[in-house]
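Trainee: Got a structure for you, written out below as structure tokens; questions coming shortly.
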Amino acid sequence: NAGVMQNPRHLVRRRGQEARLRCSPMKGHSHVYWYRQLPEEGLKFMVYLQKENIIDESGMPKERFSAEFPKEGPSILRIQQVVRGDSAAYFCASSSYNGGTDTQYFGPGTRLTVL
Amino acid sequence: SQKIEQNSEALNIQEGKTATLTCNYTNYSPAYLQWYRQDPGRGPVFLLLIRENEKEKRKERLKVTFDTTLKQSLFHITASQPADSATYLCALLDQTGANNLFFGTGTRLTVIP
């Protein structure tokens, strides 16, 4: 049973370009979460999605960042017009929330470097 | 303000000893608390979950305690091995209804052979 998949593992962009990060949840999971980890800092929640719906985007910057989880295909985190401060590791997690526990399983992350 | 503090940014212990890591939280009402392991360049790996009404959970050489009065969780690794060297993260789900986890900054454990 494959775990959470993320690609690319490493992404280099120049300032002003767009970054597109992909996440395929574990089989059977319909809940996806995106977190960002800056160097020497803890993981910070960005957005929580279910299929075709954004449930909570309270942790995501209002500008330049967007996320989607379409009916078919992976979840996408898009960062437009990247700046150096966007350089970080971006982790996706998935769960099969059943109203009780909500263990989140993480992918390997995408390390974004903005030059 | 809300805080999750993992005391000791780094902890070095001798192989075979018990490692004890601390997680303290402020201004949260956790529904449950989880511990993850993270190796350099990798994603966090889930280890244990303990609910607010549980005092202790065990899994092989791992033990977690949860004291809602002290607002603290302790994470123990007994008979530690060099392979246990990693960063350990505590995370909690708040009872406010949000589904996201709040993470501490982690403790980097090094087990010395």
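The values are calculated or read from the model by the stated rules, or taken from the named source; none is laboratory data. Not measured: the values here are computed from a predicted model. Cβ coordinates were reconstructed from backbone atoms using ideal geometry, including for glycine residues, and neighbour counts include every protein chain displayed.
One line per residue, one yes/no per condition, for (1) touching a Leu at 6+ places or on another chain (Cβ under 9 Å); (2) of a type in the set (A, V, I, L, M); (3) surrounded by 14 or more Cβ atoms within 10 Å (Cβ to Cβ):
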position: A:GLY3; (1), (2), (3): no, no, yes
position: A:ARG14; (1), (2), (3): yes, no, no
position: A:SER24; (1), (2), (3): no, no, yes
position: A:HIS31; (1), (2), (3): yes, no, yes
position: A:PRO39; (1), (2), (3): no, no, no
position: A:GLY42; (1), (2), (3): yes, no, yes
position: A:ILE54; (1), (2), (3): no, yes, yes
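Trainee: Is it true that A:MET60 is in contact with a Gly (Cβ under 8 Å, 6 or more places away or on another chain), part of a loop (DSSP other than H, G, I, E, B) and more than 10 Å from chain B (Cβ to nearest Cβ)? Don't jump to the end; show me each part of the working.
Mentor: Details: in contact with a Gly (Cβ under 8 Å, 6 or more places away or on another chain): no; part of a loop (DSSP other than H, G, I, E, B): yes; more than 10 Å from chain B (Cβ to nearest Cβ): yes.
No, not satisfied.
Trainee: Name the residues in segment B:3-29 that are within 12 Å of another protein chain (Cβ to nearest Cβ), touching a residue at least 40 places away in the same chain (Cβ under 8 Å) and either under 24 Å from B:ASN99 (Cα atoms) or basic (Lys, Arg) (or both), would you?
Mentor: B:ILE4, B:GLU5, B:GLN6, B:CYS23
Trainee: Within the group A:LEU112, A:LEU49, which residue is surrounded by 15 or more Cβ atoms within 10 Å (Cβ to Cβ), modelled with pLDDT of 95 or more and in a strand (DSSP E or B)?
Mentor: On the way: A:LEU49 fails: modelled with pLDDT of 95 or more.
When all the criteria are applied, what remains is A:LEU112.
Trainee: While we're looking at this one, here's another question. For segment B:14-23, how many residues meet the condition of being surrounded by fewer than 16 Cβ atoms within 10 Å (Cβ to Cβ) and not β-branched (Val, Ile, Thr)?
Mentor: 4
Trainee: Kindly indicate whether A:GLY59 is modelled with pLDDT of 90 or more and surrounded by fewer than 16 Cβ atoms within 10 Å (Cβ to Cβ). Reasoning before the result, please.
Mentor: Working: modelled with pLDDT of 90 or more: yes; surrounded by fewer than 16 Cβ atoms within 10 Å (Cβ to Cβ): no.
Answer is no for this residue.
Trainee: Another question, if that's okay. Among the listed residues B:ARG61, B:ARG42, B:ARG51, which satisfies the condition of being in contact with a Leu (Cβ under 9 Å, 6 or more places away or on another chain), basic (Lys, Arg) and without any contact (Cβ under 8 Å) to a residue 60 or more places away in the chain? If you could, list the steps in order and put the result at the bottom.
Mentor: Numbers: B:ARG61 fails: in contact with a Leu (Cβ under 9 Å, 6 or more places away or on another chain); B:ARG42 fails: in contact with a Leu (Cβ under 9 Å, 6 or more places away or on another chain).
After ruling out the rest, the residue left standing is B:ARG51.
Trainee: All but one of (1) in contact with an Asp or Glu (Cβ under 9 Å, 6 or more places away or on another chain); (2) surrounded by 13 or more Cβ atoms within 10 Å (Cβ to Cβ); (3) more than 10 Å from chain B (Cβ to nearest Cβ) hold for A:PRO70; state the number of the condition that does not hold.
Mentor: (2)
Trainee: So which residues in segment A:25-56 are at the interface with another protein chain (Cβ under 10 Å from one of its Cβ atoms) and of a type in the set (A, V, I, L, M, F, W, C)?
Mentor: Of everything in segment A:25-56, those that are at the interface with another protein chain (Cβ under 10 Å from one of its Cβ atoms) and of a type in the set (A, V, I, L, M, F, W, C) turn out to be A:TRP34, A:LEU43, A:PHE45, A:MET46, A:VAL47, A:ILE55.
Trainee: Sort out which residues of segment B:30-76 are out of contact with any strand residue (DSSP E or B) (no Cβ under 7 Å at 6 or more places or on another chain) and either among the polar types (S, T, N, Q) or closer than 15 Å to B:GLY106 by Cα (or both), and write them in order of number. Break it down stepwise before answering.
Mentor: Pass one, segment B:30-76, residues out of contact with any strand residue (DSSP E or B) (no Cβ under 7 Å at 6 or more places or on another chain): B:40-42, B:53, B:58, B:60, B:67-70.
The answer is B:PRO40, B:GLY41, B:ARG42, B:ASN53, B:THR68, B:THR69.
Trainee: Let me ask another. With (1) surrounded by 15 or more Cβ atoms within 10 Å (Cβ to Cβ); (2) farther than 15 Å from B:GLY104 by Cα; (3) in contact with a His (Cβ under 9 Å, 6 or more places away or on another chain) as the list, and B:ARG42 as the residue in question, which single condition is left unmet?
Mentor: Among (1) surrounded by 15 or more Cβ atoms within 10 Å (Cβ to Cβ); (2) farther than 15 Å from B:GLY104 by Cα; (3) in contact with a His (Cβ under 9 Å, 6 or more places away or on another chain), B:ARG42 violates only (3).
Trainee: If you go through segment A:24-31 one residue at a time, do you hit one that is of a type in the set (Gly, Ala, Ser) and within 26 Å of B:GLN2 (Cβ to Cβ)?
Mentor: Keep residues of segment A:24-31 that are of a type in the set (Gly, Ala, Ser), which gives A:24, A:28, A:30.
Next, only the ones that are within 26 Å of B:GLN2 (Cβ to Cβ) stay: none.
Within segment A:24-31, none of the residues are of a type in the set (Gly, Ala, Ser) and within 26 Å of B:GLN2 (Cβ to Cβ).
Trainee: Name every residue in segment A:1-24 that is part of a loop (DSSP other than H, G, I, E, B) and either within 13 Å of another protein chain (Cβ to nearest Cβ) or within 24 Å of B:GLY104 (Cα to Cα) (or both), in order of residue number.
Mentor: Hits for segment A:1-24 are A:GLY3, A:VAL4, A:ARG9.
Trainee: Sticking with this structure for a sec: Which condition number does B:ASN27 fail, the rest of (1) within 27 Å of A:ARG36 (Cα to Cα); (2) buried (at least 18 other Cβ atoms within 10 Å of the Cβ); (3) not aromatic (Phe, Trp, Tyr) being met?
Mentor: Of (1) within 27 Å of A:ARG36 (Cα to Cα); (2) buried (at least 18 other Cβ atoms within 10 Å of the Cβ); (3) not aromatic (Phe, Trp, Tyr), only one is false for B:ASN27: (2).
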